[in-house]
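The values are calculated or read from the model by the stated rules, or taken from the named source; none is laboratory data. Keep in mind that what you see is a predicted model, and the values were worked out from it rather than measured. Every residue, glycine as well, gets a Cβ built from its backbone with ideal geometry; the counts of neighbours run over all protein chains shown. Only protein heavy atoms, including side chains, enter the accessible area calculation; ligands, DNA and RNA are left aside. Shrake-Rupley method; radii C 1.70, N 1.55, O 1.52, S 1.80 Å.
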Amino acid sequence: MDYTRIACDQPADGVARITLTRADKANAQDKAMLYQLDHALAAAARDDDVRCIVLAAEGEHFSSGHDLRDGSSLADFDPVTLWAGFEEPGQAGQLASEHEMYLGLCRRWRDLPKPVVVQVQGKCMAGGLMLVWPFDIVIASEDARFSDPTVAFGVNGVEYFAHVWELGHRKARELLFTGGEFTAEDCRAIGMVNHVVPRGELEAFTLNMAARIARRPLIGLRLAKLACNQSLDVQGYSTALQTAMGWQHVGHANARLVHGMPVDPAGADTIRREAKEGTRE
Ligand SMILES: C/C=C/C(=O)SCCNC(=O)CCNC(=O)[C@H](O)C(C)(C)COP(=O)(O)OP(=O)(O)OC[C@H]1O[C@@H](n2cnc3c(N)ncnc32)[C@H](O)[C@@H]1OP(=O)(O)O
């Protein structure tokens with residue numbers, strides 16, 4: 001696969017790094033980016049010399065979420081799930097598409113049999129959280145800002161609805177209801193972020209941790225990751241996310257009925273304005 005949205009390197013022994021390279025679009029995630037990322041993650045998972053993976057992003061912002069101008073067709077990409085019917089009318093096609101490219105990809109990434117460390121700077125908005133929460137360790141720079149403002153679109157939140165698990169239910173409600181931003185330090189204090197470092201130290205700190213992890217035996221890392229994931233699953237993590245995806249599509253279907261499109265069109269302006277103002281009480 002030719003990579004146009006990501007770059008890959010091996011900055012330390014046993015470490016594969018994947019970097020989002022769409023800084024000119026605030027690393028908005030179009031389908032090309034998602035499937036290139038999936039391809040690179042799968043390659044790193046299969047590479048016997050890799051024991052830890054780093055996900056990074058070039059530019060000012062980690063990711064502004066889904067690309068709101070993506071005109072590409074899912075038919076041009078290889079599905080990772082058995083869902084089909086992406087072009088079906090009504091809500092069916094959109095449900096199939098989003099089950100495939102959001103929930104399906106994120107579940108696959110969460111199950112990667114190697115640790116993934118994510119480094120986050122600047123804005124990490126809505127779909128941006130999809131590139132953080134399925135993974136294992138999060139290092140944020142002091143300027144990182146996390147938000148899910150998508151209630152403005154008339155939906156419950158981003159498709160990978162891990163908010164309650166990641167933030168605790170009170171702070172999850174606050175993030176969703178206000179559409180505001182949580183700082184890196186806010187997120188560290190509630191356990192969503194492992195470490196907060198100055199922007200200039202983000203890359204080195206992340207790499208140092210990844211290299212440290214990569215010196216440990218892969219079988220132990222793999223089993224520890226499985227045990228962590230399954231500890232969440234027995235508490236209902238995966239089922240809760242699946243259920244929330246259903247509510248998300250009630251929101252999309254409602255917007256279709258009310259506005260003739262799958263989201264409230266006023267939402268995009270609200271989100272952009274509030275993000276620039278940095279809304280936070
Ligand atoms: C369930 C839904 C889930 C979702 O994820 S929906 C997406 C939610 N996210 C948004 O709505 C983000 C909207 N974008 C913004 O608020 C701002 O951007 C930022 C705060 C992220 C960055 O602001 P600044 O640093 O001033 O950059 P800039 O000039 O606004 O953006 C740079 C270029 O990036 C494009 N861009 C930014 N975000 C997106 C996006 N999400 N989808 C498509 N394009 C995006 C812009 O348009 C522009 O491009 P050009 O220079 O060609 O005008």
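Please find, among ALA57, ALA28, ALA32, ALA45, the residue that is crowded, with 17+ Cβ neighbours inside 10 Å, within 11 Å of the ligand (Cβ to nearest atom) and touching a residue at least 40 places away in the same chain (Cβ under 8 Å). Before the answer, list the steps.
Details: ALA57 fails: within 11 Å of the ligand (Cβ to nearest atom); ALA32 fails: within 11 Å of the ligand (Cβ to nearest atom); ALA45 fails: within 11 Å of the ligand (Cβ to nearest atom).
The unique qualifying residue is ALA28.
Conditions (1) assigned to a helix (DSSP H, G or I); (2) of a type in the set (D, E, K, R); (3) closer than 24 Å to HIS249 by Cβ; (4) open to solvent by 10 Å² or more (accessible area, probe 1.4 Å), marked per residue:
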{"site": "MET130", "(1), (2), (3), (4)": "yes, no, yes, no"}
{"site": "PRO134", "(1), (2), (3), (4)": "no, no, yes, no"}
{"site": "ILE139", "(1), (2), (3), (4)": "no, no, no, no"}
{"site": "TYR160", "(1), (2), (3), (4)": "no, no, yes, no"}
{"site": "LEU176", "(1), (2), (3), (4)": "yes, no, yes, yes"}
{"site": "ASP186", "(1), (2), (3), (4)": "yes, yes, no, yes"}
{"site": "PHE205", "(1), (2), (3), (4)": "yes, no, no, yes"}
{"site": "ALA210", "(1), (2), (3), (4)": "yes, no, no, no"}
{"site": "ARG216", "(1), (2), (3), (4)": "no, yes, no, yes"}
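Conditions (1) farther than 21 Å from ARG272 by Cβ; (2) among the polar types (S, T, N, Q); (3) in contact (Cβ under 8 Å) with a residue 60 or more places away in the chain, marked per residue:
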position	(1), (2), (3)
PHE135	yes, no, yes
ALA144	no, no, yes
GLY157	no, no, yes
ALA162	yes, no, yes
HIS169	yes, no, no
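Before we move on, is THR206 at pLDDT 95 or above, closer than 22 Å to GLU60 by Cα and within 16 Å of the ligand (Cβ to nearest atom)?
Working: at pLDDT 95 or above: yes; closer than 22 Å to GLU60 by Cα: yes; within 16 Å of the ligand (Cβ to nearest atom): no.
So THR206 does not fit the description; no.
Taking the condition open to solvent by 20 Å² or more (accessible area, probe 1.4 Å), within 16 Å of the ligand (Cβ to nearest atom), touching a Phe, Trp or Tyr at 6+ places or on another chain (Cβ under 8 Å) and at pLDDT 95 or above, does VAL250 pass? Step through it out loud before you land on a result.
Details: open to solvent by 20 Å² or more (accessible area, probe 1.4 Å): yes; within 16 Å of the ligand (Cβ to nearest atom): yes; touching a Phe, Trp or Tyr at 6+ places or on another chain (Cβ under 8 Å): no; at pLDDT 95 or above: yes.
In short, no.
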Per-region count, the range 234-266, residues farther than 30 Å from ASP111 by Cβ, assigned to a helix (DSSP H, G or I) and not charged (D, E, K, R): 6
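State yes or no: is PRO113 in contact with a strand residue (DSSP E or B) (Cβ under 9 Å, 6 or more places away or on another chain), more than 12 Å from CYS187 (Cα to Cα) and assigned to a loop (DSSP other than H, G, I, E, B)?
Details: in contact with a strand residue (DSSP E or B) (Cβ under 9 Å, 6 or more places away or on another chain): no; more than 12 Å from CYS187 (Cα to Cα): yes; assigned to a loop (DSSP other than H, G, I, E, B): yes.
Spelling it out, it is not the case that PRO113 is in contact with a strand residue (DSSP E or B) (Cβ under 9 Å, 6 or more places away or on another chain), more than 12 Å from CYS187 (Cα to Cα) and assigned to a loop (DSSP other than H, G, I, E, B).
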